[in-house]
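Undergrad: Got a structure for you, questions after.
Here, each number is a calculation from the coordinates, and none is a lab measurement. All values reported here derive from a predicted model rather than from experimental measurement. Cβ sites come from the backbone with ideal geometry, for glycine too, and all protein chains shown count toward neighbours.
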Amino acid sequence: MKINNINAIIFSNGNDIGDERADVKLVEISKRRDLTEHFVLEWARDNKINSLGVCRGLQLITDFTEGSID
């Protein structure tokens, strides 16, 4: 899918990212948001669109690239 005039995407802060590997129980999770943002991030990577993560967004990008937040 081609969308014109998008130079970058900002992934903002917000609720926790769902992570079944987490040592603590996360309560502020939105599976729909996780899935949507994961899809958008994958699309951005495939289309060479710059992405910036703020707080939760940075955690999303780190998780997506199989990094560690520890």
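Undergrad: Using a 7 Å offset from the Cα along the Cα-to-Cβ direction at both Asn7 and Ser30, what is the distance between the two label points in nm, to one decimal?
TA: Label-label distance for Asn7 and Ser30, simple model: 2.7 nm.
Undergrad: While we're here: For Phe11, enumerate residues with amide H under 5 Å from its amide H, sequence gap 5+ or separate chain, H modeled in the peptide plane.
TA: The list, which skips near neighbours in sequence, is Leu52, Gly53, Val54.
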